[in-house]
1. Quick one: accessible surface of Glu96, probe radius 1.4 Å, all protein chains present, in square angstrom to the nearest 10.
2. Using modelled amide H (1.01 Å from N, peptide plane; none on Pro or chain starts), what sits under 5 Å from the amide H of Lys47, excluding residues fewer than 5 places away?
3. Using just the helices of the chain, give the 222 nm mean residue ellipticity in deg cm²/dmol: DSSP H runs with n ≥ 4 each add -39,500 (n - 2.57), and the total is spread over all residues, rounded to 500.
4. Under unit Cβ charges (Lys, Arg +1; Asp, Glu -1), what dipole magnitude, rounded to 20 debye, does the stretch 59-140 have relative to its Cα centre?
5. Just to be sure I understand: of the beta bridges DSSP finds with both ends in the stretch 63-131, what percent are antiparallel, rounded to 5?
6. Treating the beta-carbon of each Lys and Arg as +1 and of each Asp and Glu as -1, no other charges, what is the dipole magnitude of the chain about its Cα centre, to the nearest 20 debye?
7. Subtracting the Cα-Cα distance from 0.36 nm times the residue separation, let me have the gained length for Arg131 to Asp56 in nm, one decimal.
8. How much area per residue is accessible in the stretch 39-82 when the probe is 1.4 Å and only protein heavy atoms are counted (Å²)?
Amino acid sequence: MTDTLHFDDAHAVPLDTDDDVLERLRTLVQGALRHQVWLMFLDRERKQLPMLMPTDIPPMPGDDDAERIGDFIREVASEADAAHVILVLERVGPSELTEPDREWMRMLAAAGNRSELPVLGPYLCHRRGVRSVDPGEYLA
């Protein structure tokens, strides 16, 4: 059983490194249960804001998803005074990327670029945890 991470505790510690982000994600999104994308926002000091947004997704991204999601990220960030976004693809399965994962990673990277925010990730949440994904894994 894991302890609950309270917002005051989460907001007190900046997520300065990839390891910091991974540790936080592994606390919040421990293992994949469904096919969804998570958005997590950080302030200018890279401290977590009180919103963690999961959204169910179809097996493959649509043609206009990068535009729609990028615009949505920018709007939410503006309203929440967020300075960074963390993108996580969650799906049940092993830690290795599949071709649909690569499609989602490319789309999330494009959405992040469109949002005009600094993007951390995309990360992959699989059946046993969360891992970083190097762009070479999905851009190749």
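The values are calculated or read from the model by the stated rules, or taken from the named source; none is laboratory data. All values reported here derive from a predicted model rather than from experimental measurement. When we count neighbours, we look across all protein chains shown, and the Cβ atoms used for this are built from the backbone with ideal geometry, even at glycine. Areas reflect the complete protein model, heavy atoms only, side chains present, ligands, DNA and RNA absent. Shrake-Rupley method; radii C 1.70, N 1.55, O 1.52, S 1.80 Å.
1. Estimated to the nearest 10 Å², Glu96 gives 110 Å².
2. The list, which skips near neighbours in sequence, is Leu15.
3. Values: 5 runs with 55 residues, N = 140.
So the helix-based figure for the chain works out to -12000 deg cm²/dmol.
4. Result for the stretch 59-140 is approximately 380 debye, rounded to the nearest 20.
5. Working: 3 of 8 bridges.
If I count the DSSP bridges inside the stretch 63-131, around 40 percent turn out antiparallel.
6. Working: 15 positive and 27 negative charges, 69 e Å.
Taking the Cα centre of the chain as origin, the dipole is about 320 debye.
7. Result for the pair: 25.0 nm of gain on full extension.
8. On the way: 2580 Å² over 44 residues.
Accessible area per residue, the stretch 39-82: 59 Å².
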